[in-house]
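The values are calculated or read from the model by the stated rules, or taken from the named source; none is laboratory data. None of these values were measured; they are calculated from a predicted model. Because the Cβ atoms are built from the backbone with ideal geometry, glycine has one as well, and the counts that use them run over all protein chains shown.
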Amino acid sequence: MRSSLYILLKSPKFMIGVCLLFVFFAFIVIYPMINTNDPLEMVNMRFQPPSSKNILGTDGFGRDVLLEMAHGTRTSLTVGVISGLIATTVGLIIGIFSGYRGGIVDEILSSLTNVFIVIPSFIILILVSVSIQAKSVFIIAIIIGLTSWPWTARAVRAQTVSLRNRDHVNLARISGFNTVKIIVFEILPYIMSYVVMAFIIQLASGILSEASVSMLGLGPSNTISLGIMLNWALLQEAPLFNAWWTLIPPALTVALITFSFYLINLGMDEIFNPKIRS
Amino acid sequence: MNNYRKYFLKKGIWYILTLVIALSLNFYLPRMIKGNPVDSILSKYKSVGNTDTRKKLYETFTKEFGLDKPLPMQFLIYLKNLTKGDLGTSIMMYPKKVNAVLASALPWTVGLQLPAILCGWLLGNVLGAFAAYKRGVYDKIIFPISLFVTSFPFFIFSIILLYVLGIHFELFPIGGGYDYNLIPALNFEFFKSVIRYHTFPFLSIAIVMIGGQGIGMREMALYELNSDYVKYSKFLGIREWKIIQYVFKNAMLPQITGLGLSLGTMVSGALITELVFNYPGVGTTMFAAIRNLDYPLISGCTLIITLAVLLSNFIIEILYGIIDPRIKSAQLEDS
């Protein structure tokens, strides 16, 4: 374990990803401490270009874009972490249960998984978001998490099936271990690296989903997220005002955060998946 | 032949089940909302002060939207209307039918997404296979760029294109589907305008697709290139071009299923792209419907998207069954 951590620290992809993320973390922690104003407060005229007073200019409400970015990135990351945790947990439980039990349980759970892989999760996300009117950040995160588990479930199931009849698992079974113990001690350790990577991907796609629903105007209410900033910018026709500072910074932030998570995932993949290790 | 039929039949039943679940989600989820769509139409008729007239209006609308019956009954009526192709009445554009609204939006979306996804998929696969085969410099350039591009969601890429090429360099128009001075007609001028407005949304979808598919293909091709049959063929002295053909074919198959399974994500991403460019397709229609709480129209949009994704998945799976004998036999052994 220590040696793989060491290789990980030497992987350029992993380190670039971690450093990029660290920059964003530092920004969302430190900047609100320096500028303690309310991000929703109007500080200037609308669509003011970047200046010494407002480093990234102001949006269509006359709010400070940089301060909004700090709070918005925090919201987006929160949504990503919570939805990623939920999606991974649900996927893991369904996948392991269906793969380890087999038989009719497996049939039912796999069918369910396949059905929800084919029906676009974004559509379900829209339908649910439409039907709930006042949404907190947590509710959005929970909805995203509950609509994006099928991929994880499918992969975990496949891996569990291949592990189920390995000798060490059979041995544990003969020794009279109960199912929970077998799953926790004989199966989980083998798929843990995969689960961690799946979590990272789920986190990144959670951030994207939040940005997408928020852009449609279905995002959390009374708060700022990167998607909500984009939604406002489009609604207020920022392109007509040539106000690139209201669109490009949040858009790039979403892209860079997902990029760094993908890099971290790729770096880990190279360590845990010897086939592609160069 | 019998085996093929069994495979198709199994897939068919499977998709019908998925369709039923999708339809019920589409029907029940928006109806979980508190409040009544009729109230939101009536709020437009504020001038009608007379309580009696108001009540009458309320009853008429309730009847028109079928809200006076219990939910399961409404679902059956909804299904019955669907078979007739009737998706209900739009609230936002009352009394326009949802069908009519969608019929004018759908060609734009299909015309945008189908070519973009196919182009991106094909080019991405060729580039990915090329990078995997050549390795070296090509791989060092193509791979990181693809990775960077593909971690951009479609709509983010659109926003950046919009600014850099659209507003700054004014290369192509940045909003709408065609020139507003023109009336849609089948003439050359209109067609030219459509193509010009098509460029940005098309590029932003296709480029992101190329990146994603390229990475997938590269990984598959690398895996195949390291496999025993390739080494063995090399020892046998089979011509290199022949080996590449084998590798490409084998690496291609998972990419076809990959296309089917990720289609839902792609279509959803591309819908948001429409929003950025104010393209007159289903995505922009849905955006307007959401802002106006037009539930029949929202569920019409989600329904049409789900149907399209299901149908293309079904077609891909059927094609896959024909192309790849392994899958077919595996499916049959299962049952």
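Tabulated data
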| quantity | calculated |
| --- | --- |
| Where B:Leu118 falls short, out of the listed (1) closer than 26 Å to A:Ser212 by Cβ; (2) crowded, with 16+ Cβ neighbours inside 10 Å | (2) |
| Residue in region B:288-304 that is farthest from B:Asn26 (Cα to Cα), counting only those that are surrounded by fewer than 23 Cβ atoms within 10 Å (Cβ to Cβ) and modelled with pLDDT of 85 or more | B:Ala288 |
| Filter pass, A:Ile7 being out of contact with any Ser or Thr (no Cβ under 7 Å at 6 or more places or on another chain) and more than 30 Å from A:Leu146 (Cα to Cα) | yes |
| Only listed residue being aromatic (Phe, Trp, Tyr) and more than 20 Å from the chain's Cα centre (by Cα), chosen from A:Phe138, A:Phe122, A:Phe199, A:Phe185 | A:Phe185 |
| Residue among A:Ala204, A:Ala211, A:Ala233 that alone is buried (at least 19 other Cβ atoms within 10 Å of the Cβ), over 18 Å from the mean Cα position of the chain (by Cα) and within 26 Å of B:Leu275 (Cα to Cα) | A:Ala233 |
| Filter pass, A:Ala204 being touching a Ser or Thr at 6+ places or on another chain (Cβ under 8 Å), at pLDDT 85 or above, facing chain B (nearest Cβ under 7 Å) and not in a loop (DSSP other than H, G, I, E, B) | no |
| Residues that are modelled with pLDDT of 80 or more and closer than 28 Å to A:Leu226 by Cα, drawn from region B:109-144 | B:Thr109, B:Leu112, B:Gln113, B:Ala116, B:Ile117, B:Gly120 |
| Filter result for the condition that a residue is among the hydroxyl-bearing types (Ser, Thr, Tyr) and in contact (Cβ under 8 Å) with a residue 40 or more places away in the chain, over A:Ser111, A:Ser148 | A:Ser148 |
| Those residues of region A:211-270 which are aromatic (Phe, Trp, Tyr) and either at the interface with another protein chain (Cβ under 10 Å from one of its Cβ atoms) or in contact with a helix residue (DSSP H, G or I) (Cβ under 9 Å, 6 or more places away or on another chain) (or both), in sequence order | A:Trp232, A:Trp244, A:Trp245, A:Phe259, A:Phe261, A:Tyr262 |
| Residue count for region B:290-300, restricted to those that are touching a residue at least 40 places away in the same chain (Cβ under 8 Å) and either more than 9 Å from chain A (Cβ to nearest Cβ) or among the basic types (Lys, Arg) (or both) | 5 |
| Among the candidates A:Thr58, A:Thr89, A:Thr75, residue that is modelled with pLDDT of 90 or more, surrounded by 23 or more Cβ atoms within 10 Å (Cβ to Cβ) and either over 18 Å from B:Leu29 (Cα atoms) or among the charged types (D, E, K, R) (or both) | A:Thr75 |
| Elements of type helices (runs of 4 or more DSSP H) contained in region B:83-166, each with 1 or more residues being of a type in the set (Asp, Glu) | B:136-150 |
| Any hit, region B:306-324, residues being facing chain A (nearest Cβ under 10 Å) and either over 21 Å from A:Pro150 (Cβ atoms) or modelled with pLDDT under 85 (or both) | yes |
| Residue check, A:Glu107 over 30 Å from A:Glu270 (Cα atoms) and buried (at least 20 other Cβ atoms within 10 Å of the Cβ) | no |
| Pair list, Cβ < 7 Å and 6+ apart or interchain, from region B:195-210 residues that are in the same structural domain as B:Trp121 (by TED's automatic domain parsing) to residues that are at pLDDT 80 or above and among the polar types (S, T, N, Q) | B:Pro201/B:Thr273; B:Ser204/B:Thr273; B:Ile205/B:Gln113; B:Ile205/B:Thr273 |
| Residue match in region B:258-279 (condition: away from chain A (no Cβ under 13 Å), out of contact with any Phe, Trp or Tyr (no Cβ under 7 Å at 6 or more places or on another chain) and either buried (at least 16 other Cβ atoms within 10 Å of the Cβ) or β-branched (Val, Ile, Thr) (or both)) | no |
| First in region B:5-34 and assigned to a helix (DSSP H, G or I), second anywhere and polar (S, T, N, Q), Cβ under 6 Å, 6 or more apart | B:Tyr7/B:Gln331; B:Ala22/B:Thr306; B:Asn26/B:Ser299; B:Asn26/B:Thr302; B:Pro30/A:Ser131; B:Pro30/B:Ser299; B:Met32/A:Ser131 |
